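Report on the following structure.
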Amino acid sequence: MTDGLSDDLPPEILAAYADGELSPRDRDRVDQWLADHPEGRELLDEQESFGARNVEFWHAVRPPEPSRYQWENVLHAVRGRARVPVSRRWLPWVGSLAAAATATAATVLLALPSVNQPAARGPADPPAAIPQPAVAGDEPAYTALHRSLGNYDKALHERKGAE
């Protein structure tokens with residue numbers, strides 16, 4: 001509410017006063033306005049007659065009931081705006097048919113040998129010779145390796161026997 005009330009008090013403020021919804025400070029201001037404007041008492045009495053405290057009035061008052069014709073107009077307007085699209089009964093069949101055709105085509109393509117692939121052949125080139133490590137003398141490398149492993153194995157057995 002503003003600091004000072006004008007000569008014409010807004011009806012909303014007077015209604016809030018009648019319903020007891022104003023703060024004590026605003027209520028004091030309206031009391032002062034009513035003291036300065038005695039004709040405002042008539043407006044206050046009118047507001048209080050429609051207030052929530054008038055239980056008899058609110059029990060006696062009934063909202064108007066729409067006629068059957070009015071309800072039908074409302075229902076027709078609602079149905080007109082909420083149209084559900086017509087179902088297409090053929091759509092699921094087309095989808096199923098497309099899925100079946102795709103599966104059949106995939107099966108045929110996987111089962112038949114490909115036209116673009118060359119026939120299977122052996123390896124194009126034999127593997128290159130593996131270079132052998134150089135060994136002292138003319139003994140083959142695998143013999144030298146075998147001998148060194150044998151010496152290691154012999155040394156290992158001798159060590160276990162000494163323990």
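All of the numbers you see were taken from the coordinates with simple rules; none came from a lab. Fair warning: this is a prediction, and the values are worked out from it, not measured in the lab. Cβ sites come from the backbone with ideal geometry, for glycine too, and all protein chains shown count toward neighbours.
At a glance:
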| read-out | value |
| --- | --- |
| Exposure proxy ranking, count of Cβ atoms within 10 Å, fewest first, for Tyr17, Tyr69 | Tyr69, Tyr17 |
| Segments 41-50, 55-64 sorted - mean Cβ within 10 Å per residue, highest first | 41-50, 55-64 |
| Cα coordinate range in region 11-60, projected on the principal axes (Å, largest first) | 35, 23, 13 |
| Charged-residue dipole, Cβ positions (Lys, Arg, Asp, Glu), region 11-60 about Cα centre, Debye nearest 20 | 160 |
